[in-house]
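The values are calculated or read from the model by the stated rules, or taken from the named source; none is laboratory data. Note that the structure is predicted; figures quoted are calculated from it, not measured. Positions of Cβ are generated from backbone atoms using ideal geometry, with glycine treated the same way; all protein chains shown enter the neighbour counts.
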C-alpha cells in the first residue's frame with residue numbers, strides 16, 4: 001500500500017480512503033464530494049461513518065464499531081487509526097491514518113503534507129486512541 005498525501009489541510013480522511021483503495025487524492029475527492037463528503041466538513045474528522053461510507057463505495061468493508069487501541073501487535077493487518085484525538089467544545093476530533101501489516105513489514109500511512117516521509121515507522125510517536133478494522 002502506498003501513502004497518499006492530503007491536498008487540503010483537513011483532507012486526512014479522503015487521503016486515507018484513497019491509500020486503502022489504491023486511488024489518487026483527486027479521484028477519491030471527486031467521489032467523496034459526489035457523496036456529500038467534503039474535507040472542510042469537520043464531521044469527516046469527528047464522525048467515523050463518513051470514511052466507512054466512502055470505503056464501502058470502493059467495495060471495501062470495515063468493522064461497524066471502533067475498538068480501543070491497546071498496542072501495535074494487536075492491530076489487524078489493515079486499520080484506520082484515530083490519532084491526535086482531542087476535544088473541542090466537547091466534540092471529539094482526530095487525524096486519520098492507516099496502519100498496514102504486509103508480511104514482516106508494519107507501517108503507518110500518514111497523509112500529513114509537512115511530514116518528511118508519509119510512510120511512518122516511528123510508532124512511539126504515534127498515539128492512536130482507537131481503530132477501525134479494514135477488510136481487504
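At a glance:
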{"read-out": "Selection count where residues are over 26 Å from residue 21 (Cα atoms) and either at pLDDT 95 or above or within 13 Å of the chain's Cα centre (by Cα) (or both), scope the stretch 78-94", "value": "0"}
{"read-out": "Options 99, 69: the member that is over 11 Å from the mean Cα position of the chain (by Cα) and surrounded by 18 or more Cβ atoms within 10 Å (Cβ to Cβ)", "value": "69"}
{"read-out": "For residue 120: the one exception among (1) touching a strand residue (DSSP E or B) at 6+ places or on another chain (Cβ under 7 Å); (2) modelled with pLDDT of 95 or more; (3) surrounded by fewer than 19 Cβ atoms within 10 Å (Cβ to Cβ); (4) more than 15 Å from residue 19 (Cβ to Cβ)", "value": "(4)"}
{"read-out": "Some residue of the stretch 43-63 being without any contact (Cβ under 8 Å) to a residue 40 or more places away in the chain, in a helix (DSSP H, G or I) and closer than 14 Å to residue 98 by Cβ", "value": "no"}
{"read-out": "Checking residue 59 against (1) more than 14 Å from the chain's Cα centre (by Cα); (2) at pLDDT 95 or above; (3) surrounded by fewer than 16 Cβ atoms within 10 Å (Cβ to Cβ); (4) over 25 Å from residue 27 (Cβ atoms), the condition it does not meet", "value": "(4)"}
{"read-out": "Any hit, the stretch 13-25, residues being in a loop (DSSP other than H, G, I, E, B), touching a helix residue (DSSP H, G or I) at 6+ places or on another chain (Cβ under 8 Å) and in contact (Cβ under 8 Å) with a residue 40 or more places away in the chain", "value": "no"}
{"read-out": "From 34, 112, residue being surrounded by fewer than 14 Cβ atoms within 10 Å (Cβ to Cβ) and within 18 Å of residue 7 (Cα to Cα)", "value": "34"}
